[in-house]
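Trainee: Sharing a structure below in C-alpha cells format, with a few things to ask.
The values are calculated or read from the model by the stated rules, or taken from the named source; none is laboratory data. In this text the structure is predicted, and so the values were computed from the model without any measurement.
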Amino acid sequence: MNIRSLILASWTIIALTCLTGSAAAPALAQQGEPVSSGHVTMHIGRGAMLLSLTGGRGELSFQGQTYPFSLGGMGIGFLGFTKVDAQGEVYNMKSVADFPGAYVQGSADWAAGSGEGVLWLTNTKGVVIKLHSSSKGVSLAVGGEGLVVRMDGGR
C-alpha cells in the first residue's frame, strides 16, 4: 500500500466517522452476548499537531494460527505524542481475509503520563475489535481517526 492510498483511505474513513460515528459497541450489544472470533495485540505510535499520523504492528491469533499485521492511519484534532500497547478480542470474523482493511472510530480522549482505556474499532466487512489499551505520553484528541490494517508476509 502506498502513502497516497493510505492518505485517501484514512481521510475517507475520518469523514465517514465524523458523519456517522462508530456503532461497533451498540451493534454488538443488540446481537446479545458476542462470541470472540480471535485475539489481537498491537503496539502503536501516534503523534502530530492537529493532523495525526499513526503507525504500528500487531499480531492476530485466529483458529490456532498467528498472523502478523501492520497498521497506519491519519486523524484530525490531535495534539501530542503517545505510545500505545493494546490487546483485545475480535468479533464477527469468519476468515482471516475479513481482518485487513479500513477501521474507524470516533474519539475524544486525553492522556498525560500514562493511562488505560477501551477502544472499539469496526471495519467495512463488519469485523469489530474491542481493544484494552495502555498509553504513555501526552496528548489531547477530539475528532475521528482511521486505521488501515495490512497483513504482513503475503497473507
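Trainee: Considering only residues that are within 13 Å of Gly88 (Cα to Cα) and either at pLDDT 90 or above or not in a strand (DSSP E or B) (or both), which ones fall in the stretch 128-155?
Mentor: Val128, Ile129, Lys130 - these are the residues of the stretch 128-155 that are within 13 Å of Gly88 (Cα to Cα) and either at pLDDT 90 or above or not in a strand (DSSP E or B) (or both).
Trainee: Which is within 17 Å of Asn123 (Cα to Cα), among the hydrophobic types (A, V, I, L, M, F, W, C) and modelled with pLDDT of 75 or more, of Leu28, Leu71?
Mentor: Only one candidate qualifies: Leu71.
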